[in-house]
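Reviewing the structure listed below.
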Number of protein chains: 2
Amino acid sequence: MTATDRPIPSDADVLEPEQIAGHADMDPEAFRAAAHRVVDLMADYVEDIERHAVLPAIAPGSVSSQLPPAPPEQPEALDAILGDYLRLIEPNATGWQHPGFFAYFASTASGPGILGEMLTAALGQNPMLWRTSPAGTELEQVVVDWLRQALGLPEAFDGLLTDTASTSSLIALAAARQAAGIDAAAAGLAGRSDVPALRVYASEEAHSSIEKACMTLGLGRASLVRIPTNDRFELLPERLAAAIAADRAAGHRPIAIVATVGTTSSTSVDPVAAGADIAAREGLWLHVDAAYAGAVAIDPDLRAPFAGWDRADSIVVNPHKWLWTPVDASLLLSRRLDVVRDAFSLVPEYLRTVGSDGTGGEGSGRHDDGRNYNEYTPQLGRRMRALKLWIQLRWFGLDGLRRRIRHHLELAQGFAAAVDAEPGWERLAPVPFSTVCFRHVPPGLAGDEAALDAHNAAIMDAVNRTGAIFLSHTKLRGTFTIRLAIGSLRTEARHVERAWELLRAAAEEVEPR
Amino acid sequence: MTATDRPIPSDADVLEPEQIAGHADMDPEAFRAAAHRVVDLMADYVEDIERHAVLPAIAPGSVSSQLPPAPPEQPEALDAILGDYLRLIEPNATGWQHPGFFAYFASTASGPGILGEMLTAALGQNPMLWRTSPAGTELEQVVVDWLRQALGLPEAFDGLLTDTASTSSLIALAAARQAAGIDAAAAGLAGRSDVPALRVYASEEAHSSIEKACMTLGLGRASLVRIPTNDRFELLPERLAAAIAADRAAGHRPIAIVATVGTTSSTSVDPVAAGADIAAREGLWLHVDAAYAGAVAIDPDLRAPFAGWDRADSIVVNPHKWLWTPVDASLLLSRRLDVVRDAFSLVPEYLRTVGSDGTGGEGSGRHDDGRNYNEYTPQLGRRMRALKLWIQLRWFGLDGLRRRIRHHLELAQGFAAAVDAEPGWERLAPVPFSTVCFRHVPPGLAGDEAALDAHNAAIMDAVNRTGAIFLSHTKLRGTFTIRLAIGSLRTEARHVERAWELLRAAAEEVEPR
């Protein structure tokens, strides 16, 4: 499970000191040679991924204690650096690339996606303005529209790529705040007698990123109203409507509803169409968080859970989750991108584009003809994220992506059926996608919830210690719940079978307390 | 200046359809072969960068119109994809890697930095929790501390890597908001009679990211008080003190001062020590924006402009600017990281780490022993940014980085001296670092400011159209100002000399109006 027996690069390739001592970058030919060496390390890592533990069996401080406390004054040879990489970094990386990664939601970096990251690094683009990367900006426009079509959404949706769903949802809620007619971008929220407390609605199962966006945006955690769910962990629309009515009666101002398709704990599906009805009636922004499950919508036969999402004001789907784009890549689509722009646009003089006639300065109203993506985001600078998506979408084709999604759905159904069929095991939620929630209930502990929680935590810990698979947990209605989330591009049936074997073995070995 | 004559990859390497048609990723050996091919494209690009125009001579829509409007249903061969990459992307990328990039602030991706991005892509880490990447988390802790030491800052500073200075400053101002004692993270800012309008102070030359952070955080653009500057474009501390007093008298609540070391337009240096005195006296958060110029502080002999920044509450320095780390990489340091955590920490059950005894669940107070970086950021998911920095710091060594910084400072002094010595040219700001602000003032236009603005815009446009260099502009006291910002790792004296030749030629050719 360690990589200590892998070859350390030879001393023959040590760079000459004069290459480092100059004023410029690494010599181009030295870079080419070094990059070829690095490719072999990368390919070895991916090829031999199952030789590493998914979850490194180390304690905090194990890595940092092996690194020098002070930065190097003098240049070091690439051999020493790559040797340390093999010795310290690879074995202590968590196996996000490992087929036994069943924790959280998987985020595999596909082969073609990695090729895209390589080219992205060499191009060094910053598509903040059209002019600072015409290729990066226009490729982003094209890829965003390709994804929109792939997801079956109407042309009214336009959007952008961000780093994470946290940022996409933050942008969406900033737009909702802007759409509330209080011009928060200009005047802010503090010290205004004309602005009551604002309210955002999401189910009690909604992701923490929604709450964090409320914190960041100055709405505060208190602004997030958590709506109860039914026994399938789906938002109850009548409770949503009642909460809005109660808040209006109390003088608060509702601004947005967040519906989740594929919640983090159990991948439950909120009733988006009912949410859209309420949002329309109440004049609220509807944001759909489909960060994980949205990928399923690329299959027209599997779009039932998404019914009504075409009526959303904004939608987030994360290609870096179930579409295997290397981290980071989140897609934000909105049918009101002009409002997003109102929430974030600032054009200082040094970002204006000026024509040869001197026009285009402040107040001229002229400011390029291409899209300047920085006007839609909290950040000015941006990585070029479109290239890896473009390469990957072409290499797999939509058909290839759908095939892989369907395979994961089948594997999850198979695992759920195994849990259901096995005495002493209990499934704790429906399986609308590729994540199974379950626990072990040995006869001796039935009814003792505290003991069952501890027992299942011990099972999960024992399984994770094997290094073969990595599971994470949640709580559903207060019950400790093991999650098996299938989403790695490298997961095959044998890995799911192995997980089930390890779980049953651990359940027998772990002493019920 | 185009790449059409570069070899298109041969058909011999076309992947077999069955490799694409399965359930898993690109075959490992196919990935290895493809990645080696991609390395040659990357190395060719960097090696031949001067064959491309710095600023592509195309109109908006030129790239997107050549791409299929719909996504591909079926897989495409890598040859076709890489062929399109060479045909459409490279020639239409802006030359951030070009030695003639003198616009904005340069952001070269160094050779060792690119190697780091390659390994980062293959590892696919997400260091949101210690457990989701022990290596990524601990390497970040080490690299952040190395940078702190390199910058000459005391041990009290700790921090993290973010994507951009926009995010770093947003986090800093969110912490300032939190430190104001109104618990904005929990209660928000709206509808609170106990919270007056909040105020942030920065010079009129401060970067737009400060204003954007105010928008995002719910403070609003109105919360940012722009303090006038002296004739060197440096914040006037007495005006700052007066503005704070006036705001207090008006019932507003000051929360933060932003001092900039190296403003975007002219790279002017605010008096940080005076700002620290005022911040201490007034109980305000002091944030130092040294996104560009902070890199200079790695040379102990060049730290005069930074005097007093060790008294700041937070500091941002961008390694992806003048330390040549591939985009994105921004360093946020703070001596009050606990307040940053208060502003952003949320730990839902599915992110808790649970021990084998079942402890660690909600309310247990136990939550891992390693650092969980997501608690300090608006985002949950995060790229691993430490690896590229670690490789690069070791490959160059601090000595190598200092050598390159000093070279850029010398080149800028040389260019400024040339401008000063040339009749008809006027320098418009001091040159504390590597950016020169200037314009051409032909005798016939002297005194006609509107005509001078148009004349200089035309000069800049003519120079940019050559494709050999790329300049951007700003306005200083309303005057159109050409900026030559030296910061590319590949810029040599000959590129600066060429810029000066092209500028003088353009000034003669452009008809004064």
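The values are calculated or read from the model by the stated rules, or taken from the named source; none is laboratory data. Since the structure is predicted, the reported quantities are computational estimates derived from the model, not experimental observations. Don't worry about glycine lacking a Cβ; one is built from the backbone with ideal geometry, like all the others, and counts go over all protein chains shown. These area figures cover heavy atoms from the full protein model, side chains too; ligands, DNA and RNA do not enter into them. Shrake-Rupley method; radii C 1.70, N 1.55, O 1.52, S 1.80 Å.
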request  = Give the ranking of B:Arg498, A:Arg427, B:Arg383 by solvent-accessible surface, highest area first, calculated with a 1.4 Å probe.
outcome  = B:Arg498, A:Arg427, B:Arg383
inquiry  = Within chain B, which is the longest segment that contains none of the GluC sites (Glu not before Pro) sitting in a DSSP loop with at most 16 other Cβ atoms within 10 Å?
reply    = B:205-361
message = So the label point sits 7 Å from Cα along the Cα-to-Cβ vector; using that for A:Ala242, what distances do you get to the other copies, in nanometres, sorted shortest first?
response = 6.0
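With a/c under 1.5 counting as rounded, go ahead and sort segment A:376-422 into rounded, prolate or oblate using the C-alpha gyration tensor (a ≥ b ≥ c being the square roots of the eigenvalues; past the cut-off, prolate if a/b is larger than b/c, else oblate). Kindly include the intermediate steps, with their values, before the conclusion.
Numbers: a/c = 5.77, a/b = 2.08, b/c = 2.77.
Here segment A:376-422 falls in the oblate category.
Taking only the alpha-carbon atoms of segment B:144-256, what semi-axes of the equivalent ellipsoid follow from 5 times the gyration tensor eigenvalues under a square root, in whole Å, largest first? Numbers along the way, then the final one.
On the way: eigenvalues 123, 86, 35 Å².
Calculated on Cα positions only, the semi-axes equal 25, 21, 13 Å.
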query = Considering only protein heavy atoms, what is the solvent-accessible area of A:Trp390 at a probe of 1.4 Å, reported in Å² to the nearest 10?
reply = 0
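Can you figure out the FRET efficiency of B:Glu29 with B:Asp301, using R₀ = 51 Å and their beta-carbon distance, to the nearest 0.05?
Numbers: r = 52 Å, r/R0 = 1.02.
The value I calculate is 0.45.
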key: Virtual paramagnetic centre 7 Å along Cα→Cβ of B:Asp420, amide N under 20 Å, in segment B:426-445   = B:426-441
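What's the magnitude of the charge dipole for chain B around its Cα centre, counting Lys and Arg as +1 and Asp and Glu as -1 at the beta-carbon? Answer in Debye, nearest 20.
Here the size comes out at about 1560 debye.
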note = Rounded to one decimal in nm, the spacing of the 7 Å Cα→Cβ label points at A:His36 and B:Glu511 is 5.6
query = What's the FRET efficiency of B:Arg427 with A:Arg239 using the Cβ-Cβ distance as r and R₀ = 56 Å, to the nearest 0.05?
reply = 0.25
ask   = Taking the label point as lying 7 angstrom from Cα along the Cα-to-Cβ axis, what are the distances from A:Asp48 to the corresponding position in the remaining copies, in ascending order and in nanometres?
value = 3.5
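Enter the per residue convex hull volume of segment A:249-401, computed from alpha-carbon coordinates, in Å³ rounded to the nearest integer. Walk me through the intermediate numbers first.
On the way: hull volume 26.1 nm³, N = 153.
Each residue corresponds to 170 Å³ of Cα convex hull volume.
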query = Between A:Arg406 and B:Ser345, what is the spin-label point distance in nm, taking each point 7 Å from the Cα along the Cα→C-beta axis?
reply = 4.8
note = Out of B:Ala290, B:Thr167, B:Ala458 - ranked by how far each Cα lies towards the positive end of the dipole of chain B, with unit charges on the beta-carbon of charged residues - the top one is B:Ala290
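Going by a ≥ b ≥ c, the root eigenvalues of the Cα gyration tensor, does segment A:216-273 fall in the rounded group (a/c under 1.5), the prolate group (a/b larger than b/c) or the oblate group?
Working: a/c = 2.44, a/b = 1.48, b/c = 1.65.
Taking the square roots of the gyration eigenvalues as a ≥ b ≥ c, segment A:216-273 is oblate.
Give the shape of segment B:457-513 as rounded, prolate or oblate, defined through the alpha-carbon gyration tensor: a ≥ b ≥ c are the square roots of its eigenvalues, a/c under 1.5 means rounded, and otherwise the shape is prolate if a/b is larger than b/c and oblate if not. Kindly include the intermediate steps, with their values, before the conclusion.
On the way: a/c = 2.33, a/b = 1.28, b/c = 1.82.
Cα axes put segment B:457-513 in the oblate bin.
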Nonlocal amide H pairs with A:Arg253, under 5 Å, H built at 1.01 Å = A:Ala197, A:Leu198, A:Arg199
key: Whole-angstrom Cα spans of the protein assembly as shown along principal axes, big to small   = 95, 70, 53
remark   = So, in nm and shortest first, the distances from B:Arg281 to its counterparts in the other copies, with label points 7 Å along Cα→Cβ, work out as 5.9
ask   = Among all helices in chain B defined by DSSP H, which have a length of 30 Å or more along the axis from Cα atoms plus a Kyte-Doolittle mean of at least -1.0?
value = B:386-421
ask   = When the convex hull of the Cα atoms of chain B is projected onto a plane and the area is averaged over all directions, what value comes out in nm²?
value = 29.0
task = Apply the Karplus parameterisation 6.51 cos²θ - 1.76 cosθ + 1.60, with θ equal to phi minus 60°, to every residue of segment A:429-444 and state each ³J(HN,Hα) to the nearest whole Hz, in sequence, with x for glycine and proline.
result = 7, x, 10, x, 10, 10, 10, 10, 10, 7, 7, 9, 10, x, x, x
request  = Pull up all non-local amide H partners of B:Ile227: gap of 5 or more, or a different chain, and H-to-H distance under 5 Å with H placed in the peptide plane.
outcome  = B:Ala202, B:Ser203, B:Glu204
key: Compactness of segment B:252-320, expressed as Rg and Dmax over alpha-carbon positions, Å   = 11.9, 41
request  = State the residue of chain B whose Cβ is nearest the axis carrying B onto A, and the distance in whole angstrom.
outcome  = B:Gly218, 1
note = Amide H contacts under 5 Å for A:Gly381, restricted to residues at least 5 apart in sequence or on another chain and with H modeled in the peptide plane, are B:Ser166
request  = Mind jotting down the distance between the C-alpha centroids of segment A:119-166 and segment B:161-230, whole Å?
outcome  = 29
query = Modelled label-to-label distance, B:Ala446 and B:Asp48, 7 Å Cα→beta-carbon offset: nm?
reply = 4.9
ask   = Over segment A:156-195, with a single point scatterer placed on each C-alpha, what log10 of the ratio I(q)/I(0) does the Debye formula yield at q = 0.16, 0.32, 0.33, 0.35 1/Å?
value = -0.51, -1.07, -1.09, -1.14
